[in-house]
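Working notes, beginning with the structure itself.
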Amino acid sequence: MANNSTLDVFSNRTGQNSSQPSPFTEIRENPLKTYLLGIIISICGNFLISISLNIQKYAHMRQSQLGDSRPYYTSVLWWSGVVLMGLGELGNFAAYGFAPASLIAPLGCVSVIASAVISVVFLKETLRASDVVGGALAVVGTYLLVTFAPHTSTHITAHLVQRYAVSWQFLIYLFLEVVVFSILLYLYKRRNIKHITIVMLLVALLASLTVISVKAVSGMITESIKGDLQLTYPIFYVMVVVMVASCAFQIKFLNQAMKMFDATEVVPINFVFFTASAITAGIVFYQEFQGLALLNILMFLFGCLLSFIGVFLIARDRPKIKTENITFIAMGKIPGRKCKDKVQPEAKSNAYGSLAAKLMCNKPGPQDDS
């Protein structure tokens, strides 16, 4: 059983008195254990993602070196990387049900650090000084995040999600997000402004809704597994729709960014924007920083800053996959492009007869063959 002080803490977060049970009361018998479980699941998930990325990268490199013309998706090795990617993302999804969203999102830097280490050890990439410095900063930042993040873990129930969804601070936040998203989309689609900041902000705004819905769905599934069924409430399916839709459009804009810009630009900017939007979503929707000491907030933000700088240093100017040079003829070098005036004119043209006669005169006859 939790002691009275623990009950008071969780009751105060919902605005209810511990002596008056209600559907909004959030009680954890061992909140620290649940909190640590979410951190461990998230770290393991991000580690699996880093392994999967390097396996897929190695599959592309091997296929290129062997000169294999078959599609990459026919490779068993590539599919094994995809499976690991799915397991890693599933781990991140589950972690949102145990730990605050404002902590799980910044832990994505673990994937960047692990990916850099694996690429140096197994893919024989060059270890740069920026990798060492960036990795050290990211590790220190991760330690500060884990230490100073909100350590309370709440029951994510349908009643709680419904109450948060109609809170005034979230409605104002949602209104502002819709306005900003509409302006950015207008600039991107109508004005054809293809700046990386605009594209990545579109991804980040969608990611904010993704984090809110993912944590809601994951938390309600977790409570249902524990015996408190939450899948009968309409809000669960509303959050599922929001999660799927926001993820789909987020992937769409992210793929467009990867086509237009280099990965060394997209990866760090996406990490920074995604983390910032996830933290904001956790603060506004789930009120995760409520009651947190000012020192904890400042140290948490400082840890985020160190992680951002570390990821920028690691992702900057990463070596690209070497692929075989494909021989092709540029459009400006097509043979005969400058000889279009020597093409036989139409039969109705006055130049037809003279040009045809000239061609016939220059044509070698049977006597020339000898």
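The values are calculated or read from the model by the stated rules, or taken from the named source; none is laboratory data. Worth saying up front: this structure is predicted, and the values here are computed from it rather than measured. So basically every Cβ, Gly included, is an ideal-geometry build from the backbone, and we count neighbours across all protein chains shown. Ligands, DNA and RNA are stripped out before the accessible areas are found, and what is left, the full protein with its side chains, is counted by its heavy atoms. Shrake-Rupley method; radii C 1.70, N 1.55, O 1.52, S 1.80 Å.
List of remarks:
- Restricting attention to region 290-342, the residues being in contact with a Pro (Cβ under 6 Å, 6 or more places away or on another chain), under 15 Å from residue 149 (Cα atoms) and modelled with pLDDT under 90 number 1.
- Qualifying residue in region 213-233 (condition: touching a residue at least 40 places away in the same chain (Cβ under 8 Å), under 26 Å from residue 176 (Cα atoms) and open to solvent by 20 Å² or more (accessible area, probe 1.4 Å)): no
- Count of region 171-184 residues which are surrounded by 16 or more Cβ atoms within 10 Å (Cβ to Cβ) and of a type in the set (Ser, Thr, Tyr): 1
- Identity of the residue in region 44-54, open to solvent by less than 40 Å² (accessible area, probe 1.4 Å) and free of Cβ contacts under 8 Å to residues at least 60 places away in the same chain, that ends up farthest from residue 85 (Cα to Cα): 45
- Applying the criterion of at least 1 residues that are surrounded by fewer than 21 Cβ atoms within 10 Å (Cβ to Cβ) to the helices (runs of 4 or more DSSP H) found wholly in region 99-170 leaves 109-121, 129-148, 158-165.
- Only a single criterion out of (1) within 30 Å of residue 233 (Cβ to Cβ); (2) touching a residue at least 24 places away in the same chain (Cβ under 8 Å) is not satisfied by residue 199, namely (1).
- Single match in 264, 275 (criterion: in contact with a Lys or Arg (Cβ under 7 Å, 6 or more places away or on another chain), open to solvent by less than 40 Å² (accessible area, probe 1.4 Å) and β-branched (Val, Ile, Thr)): 264
- Residue list for region 144-157, restricted to those being over 14 Å from residue 279 (Cβ atoms) and within 22 Å of the chain's Cα centre (by Cα): 146
- Meets criteria (out of contact with any helix residue (DSSP H, G or I) (no Cβ under 6 Å at 6 or more places or on another chain), open to solvent by 50 Å² or more (accessible area, probe 1.4 Å), free of Cβ contacts under 8 Å to residues at least 12 places away in the same chain and more than 29 Å from residue 116 (Cβ to Cβ)) for residue 251: no
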